[in-house]
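Have a look at the structure below before the remarks.
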């Protein structure tokens with residue numbers, strides 16, 4: 001494990017994110033991970049921030065609201081089958097970590113484990129959460145991403161990056 005600056009590999013991190021990453025959280029004795037393909041790496045409130053979006057109907061949303069902490073694992077190895085599985089199944093009915101055969105790593109600064117794989121790891125504590133509201137979303141975005149589920153908008157979680165490193 002090698003510590004890095006949060007933005008040291010920003011271009012590569014954002015390219016991996018478009019292919020898929022694992023957002024993991026933990027609450028009530030349950031650990032769950034889900035696939036994300038959208039997110040933000042930036043600097044807000046004088047802090048390094050990783051922003052993630054989670055729909056209200058996701059099991060992860062409930063856990064994240066309870067815990068207020070999350071990790072993001074951006075794999076540098078082919079985990080496309082696992083990403084597809086974790087994006088299609090609900091953690092409410094399926095232990096995705098067990099089903100994928102993942103090993104977990106203990107985090108350094110948060111009470112949420114990380115997916116053990118070769119890649120970039122971010123540990124985050126929620127600084128702010130914002131609920132999307134239909135009137136504030138441009139029509140093209142509504143039509144493209146919310147037409148099939150018009151009442152299931154995302155919550156934006158902006159997490160202070162408390163640790164960032166590469167795992168082999």
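Modelled label positions at residue 116 and residue 14, each set 7 Å beyond Cα in the direction of Cβ, lie 3.3 nm from each other.
Determine, from the Cβ-Cβ distance of residue 46 and residue 81 and an R0 of 35 Å, the FRET efficiency 1/(1 + (r/R0)^6), rounded to the nearest 0.05. About 0.30, to the nearest 0.05.
When all alpha carbon pairs of segment 50-95 are counted in 10 Å bins from zero, the resulting P(r) reads 20, 54, 26, 0 %.
Could you calculate the FRET efficiency of residue 98 with residue 4 from 1/(1 + (r/R0)^6), where r is the beta carbon distance between them and R0 is 30 Å, rounded to 0.05? Don't skip to the end; give the middle numbers.
Working: r = 30 Å, r/R0 = 0.99.
Calculated value: 0.50.
When the Cα gyration tensor is reduced to axis lengths a ≥ b ≥ c, the ratio a/c is 1.5 or higher for segment 1-47, and with a/b above b/c it is classed as prolate.
Could I have the simple spin-label model distance between residue 168 and residue 143, label points 7 Å from Cα toward Cβ, reported in nm to one decimal? Between residue 168 and residue 143, the label points sit 5.1 nm apart.
Distance between the C-alpha centres of segment 78-106 and segment 1-72: 15 Å, rounded to the whole angstrom.
When 28, 111 are arranged by Cβ crowding within 10 Å, least crowded first, meaning fewest neighbours, the order is 28, 111.
Estimated from helices alone, the mean residue ellipticity of the chain at 222 nm is -5500 deg cm²/dmol (sum of -39500 (n - 2.57) over DSSP H runs with n ≥ 4, per residue). Measuring nothing but how far apart in sequence close Cα pairs (under 8 Å, 6+ apart) lie, relative to its length, segment 1-119 scores a relative contact order of 28 percent. Largest first, the extents of the alpha carbon coordinates of the chain on the three principal axes equal 44, 39, 30 Å.
Which FRET efficiency, nearest 0.05, do residue 65 and residue 151 yield, Cβ-Cβ r, R0 22 Å?
On the way: r = 18 Å, r/R0 = 0.82.
Using R0 = 22 Å, I get an efficiency of 0.75.
Once you order the gyration tensor axes a ≥ b ≥ c over the Cα atoms, which shape class does segment 84-138 get: rounded for a/c under 1.5, otherwise prolate or oblate by comparing a/b with b/c? It is oblate, given that a/c is not under 1.5 and a/b is not larger than b/c. By the count of neighbouring beta-carbon atoms within 10 Å, fewest first, 132, 149 end up ordered 149, 132.
Ranked by how many other Cβ atoms sit within 10 Å of their own Cβ, fewest first, the residues 79, 136 fall in the order 136, 79.
Laboratory data are not the source of any read-out in this text; all were calculated from the coordinates shown. No experiment lies behind these values; they were computed from the predicted model shown. FYI the Cβ positions are ideal-geometry reconstructions off the backbone, even for glycines, and counts take in every protein chain you see.
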